[in-house]
Amino acid sequence: MDCLFCRIIAGEIPSSKVYEDENVYAFRDINPQAPVHVLVVPKAHIESADAVASNNSDAVKAVFEAIPKVAAECGLTNGYRVITNIGEDGCQSVKHIHFHVLGGKKLPENMG
Ligand code: 5GP
Ligand code: ZN
């Protein structure tokens, strides 16, 4: 298994877990870009949002059902941002679909 996030989900690499259910794992980003920066990932390996299709979109549905729970767990009562980077131009560094949940302060408007 050469996927970093599959190894984190399997517990082979330690992580700071925020939330877990049957289909989803959420953990704190090792290099936080905001006071709260959590990565929410499906346990199923999907390369990116560009690889989502009818045969694997249940995993994404499960992620979006988990995100409000992650936000509540992290005290994000005043809003937050969800980002997924895709491929080279999107600056995706880990090729296992993941959703950045950022918050804990007023985030900049500029999205690049
Ligand atoms: P991407 O750039 O692919 O959208 O996001 C990958 C994220 O994974 C980055 O924000 C990076 O800080 C985070 N990351 C990379 N390696 C690790 C790790 O070993 N543990 C944790 N918790 N986060 C990681
Ligand atoms: Zn993976």
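The values are calculated or read from the model by the stated rules, or taken from the named source; none is laboratory data. Since the structure is predicted, the reported quantities are computational estimates derived from the model, not experimental observations. Every residue, glycine among them, receives a Cβ derived from its backbone with ideal geometry; neighbour counts consider all protein chains shown. The protein model used for the area step is the full one, side chains on, heavy atoms only, and it has no ligands, DNA or RNA in it. Shrake-Rupley method; radii C 1.70, N 1.55, O 1.52, S 1.80 Å.
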Open item on the list: Scan segment 67-77 and tell me whether some residue there is crowded, with 17+ Cβ neighbours inside 10 Å and part of a loop (DSSP other than H, G, I, E, B).
Closed with: yes
- [ ] From (1) more than 16 Å from ligand 2 (Cβ to nearest atom); (2) open to solvent by less than 40 Å² (accessible area, probe 1.4 Å), pick out the condition that doesn't hold for ARG28.
- [x] (2)
Open item on the list: Tell me the residue from GLY87, GLY104, GLY75, GLY79 that is at positive phi and touching a helix residue (DSSP H, G or I) at 6+ places or on another chain (Cβ under 8 Å), please.
Closed with: GLY87
Task: The one condition in (1) more than 15 Å from ligand 1 (Cβ to nearest atom); (2) in contact (Cβ under 8 Å) with a residue 12 or more places away in the chain; (3) closer than 25 Å to LYS105 by Cα that THR77 fails to fulfil - done: (2)
Open item on the list: Given the condition open to solvent by 100 Å² or more (accessible area, probe 1.4 Å) and in contact (Cβ under 8 Å) with a residue 60 or more places away in the chain, answer yes or no: does some residue in segment 82-94 qualify?
Closed with: no
Task: Test result for ARG7, near ligand 1 (Cβ under 10 Å from one of its atoms), of a type in the set (Lys, Arg) and free of Cβ contacts under 8 Å to residues at least 12 places away in the same chain - done: yes
Task: Only one of VAL52, VAL38 that is touching a residue at least 12 places away in the same chain (Cβ under 8 Å) and either within 21 Å of LEU102 (Cα to Cα) or open to solvent by 70 Å² or more (accessible area, probe 1.4 Å) (or both) - done: VAL38
